[in-house]
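Notes follow the structure.
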Amino acid sequence: MLIQSGRSKNVRFKTAIGWQVMIALVFGFVVSVGSVRGDDTSALENDPTIWAKGGIRDPEPPSQDDYRRKYEITYRSTLKTKSLNSASKEILEKTIHYQMALLCLHSNRHQRMSMFERIRTDLRNRDTSAEARTFILETVVKLAGRMMKEDSPELRLAAVRILGGLDVSSSPNVPYIGASAQLLEVFKRDDSEIHLKALAAKGLGRILESGSPHLTLRVEIAEALAKEVRRLRKDHANFDKKTIVGYQWHMWHLVEALGSTQRTENLTGTLSFVEVLMEVLTDRSQDKLSRVRSARAISRLPLEGTTNMELINHEVVLLVVEMCHGYQADTKWPYWDRAFTEVFITYDGFNATEIASKMGFRNQATKSGLNTAQASVNQARDLMLPLIRTVVNAPQARPKLDPQSITELETWAKGAVPANRRVRANGEVFPVSAPAAAPMGTTPAPAVPMTSFRIPKRHNRSSASAI
């Protein structure tokens, strides 16, 4: 959507972003409109006043003539260079700067990520040397940081997407750890830019899951995610029906990323990531998917033998009771099958790799110290299974749940309330909460499919027959 603000030779536009405006609408907030000049006739605009100081055009990239005359021809051969000298680095840096400045133009707003794909293709090319690949990655991170300084919200959004999608290899995809510092900086931005923070959380989750960051960085990311979860929960009351979807997306990505930390607490033991996730799980003001995904995240952490598995298991059962009543009241909510499938994965694990890593409450409960909760975990899982099966195996038909099965689960929950209300010794006390016959809740369902939440309706492993 374009609003022309003048008819001078250098036309200025106020942008509410092209394809990104759809994301902004989904997140339910009004994007602050920045000024970006559009000029379809030139490769790079020459008016420096429309670009931020220290931004993508400070310093200036090569002109189109300089790029074609000095860098374009030698760029391909330089990609193969194994020992980069100052001249080789200049060729790579100037080329990447030119390409990224080009995708920032207003006239290219609908094809920014496809243009960046050219750089990603060069990074994935087998002929690209490791030295050239590393230098390009460092250059992209630096330039993306400059894009974050621009006034245009669409450029900042594109910058976070670029940072979160950087890979050092493509077979398999291994995220670039060097992007983590810039992604962490996003959490320090104004709270109104929740869309940027959600994408940053998603990118950091990729790094934690597949990037193998060193311990100090892993804990630093986990601490930032945990603090952001608590900040977001405190800010919950400031979101209304129009903006709550953005809140939900951000929370979903945050708790999912926390489940990939491979740590239950920080290095000093002063911040428990399990407790942070339990705060979301037990918070009835949160939407059901955030709470289910928090349970799933806990099930993926390397729980210690002193963890109060009885309490965690009981709180998940209470959540499932709420979900059952919500489902009975409104079977048309499009994400019921995902929510109930997520519960199954929380107990059984997603695949053979997770089972071997003792992920999933059933597998966690076989560990020394946690095996005292094994009976209650298995009982709860077996009582929930018929309810899960009804929803997951008929996602289109949406048949009603068996009331007797719900009653049996409620009865079990009422008789299995743990006396110890702490997840860890001397930790936070979680108050007793009774099963509630509540509907889905006041928070609305997402307006569009959540692309990062891909849970298959049936799992490709032997225990899938349980569903």
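The values are calculated or read from the model by the stated rules, or taken from the named source; none is laboratory data. Only a predicted model underlies this, so the values are computations on that prediction, with no experimental measurement involved. Note that each Cβ is placed from the backbone with ideal geometry, even for glycine, and that neighbours are counted across all protein chains shown.
Points to keep in mind about this one:
- Among the numbered conditions (1) touching a Phe, Trp or Tyr at 6+ places or on another chain (Cβ under 8 Å); (2) surrounded by fewer than 22 Cβ atoms within 10 Å (Cβ to Cβ); (3) of a type in the set (A, V, I, L, M), the only one that L105 does not meet is (1).
- Of the helices (runs of 4 or more DSSP H) that lie entirely inside region 128-193, those containing 3 or more residues that are over 19 Å from L92 (Cα atoms) and out of contact with any Gly (no Cβ under 6 Å at 6 or more places or on another chain) span 153-164, 180-186.
- For region 124-155, filtered to residues that are modelled with pLDDT of 95 or more and of a type in the set (K, R), the residue that is nearest to E193 (Cα to Cα) is R146.
- Meets criteria (among the β-branched types (V, I, T), surrounded by fewer than 19 Cβ atoms within 10 Å (Cβ to Cβ), touching a helix residue (DSSP H, G or I) at 6+ places or on another chain (Cβ under 9 Å) and free of Cβ contacts under 8 Å to residues at least 60 places away in the same chain) for T346: no
- Hits in region 354-396 (condition: outside any helix (DSSP H, G or I) and either over 27 Å from S260 (Cα atoms) or of a type outside the set (V, I, T) (or both)): S357, K358, M359, G360, A365, K367, S368, G369, N393, A394, P395, Q396
- Flag for I73 being hydrophobic (A, V, I, L, M, F, W, C), in a helix (DSSP H, G or I), surrounded by 16 or more Cβ atoms within 10 Å (Cβ to Cβ) and without any contact (Cβ under 8 Å) to a residue 40 or more places away in the chain: no
- Matching residues in region 170-224 - criterion: being touching a helix residue (DSSP H, G or I) at 6+ places or on another chain (Cβ under 9 Å) and basic (K, R): R189, K197, K202, R206, R218
- Every condition in (1) among the acidic types (D, E); (2) surrounded by 24 or more Cβ atoms within 10 Å (Cβ to Cβ); (3) within 17 Å of the chain's Cα centre (by Cα) is met by E154 except one, and the failing one is (3).
- Cβ-Cβ under 7 Å pairs, at least 6 apart or on other chains, region 131-152 side in contact (Cβ under 8 Å) with a residue 60 or more places away in the chain, far side β-branched (V, I, T): L143/I56; L143/I96; R146/I56; M147/I56; E150/I56; S152/T15; S152/V36
- Checking every residue in region 290-300 against the condition of being modelled with pLDDT of 95 or more, among the hydrophobic types (A, V, I, L, M, F, W, C) and either surrounded by fewer than 24 Cβ atoms within 10 Å (Cβ to Cβ) or over 27 Å from V321 (Cβ atoms) (or both) gives zero matches.
- Index of the failed condition, G178 passing every other in (1) within 17 Å of the chain's Cα centre (by Cα); (2) under 22 Å from E131 (Cβ atoms); (3) modelled with pLDDT of 95 or more: (1)
- Within region 225-274, considering residues that are of a type in the set (F, W, Y) and either under 16 Å from the mean Cα position of the chain (by Cα) or at pLDDT below 95 (or both), the one surrounded by the fewest Cβ atoms within 10 Å (Cβ to Cβ): F239
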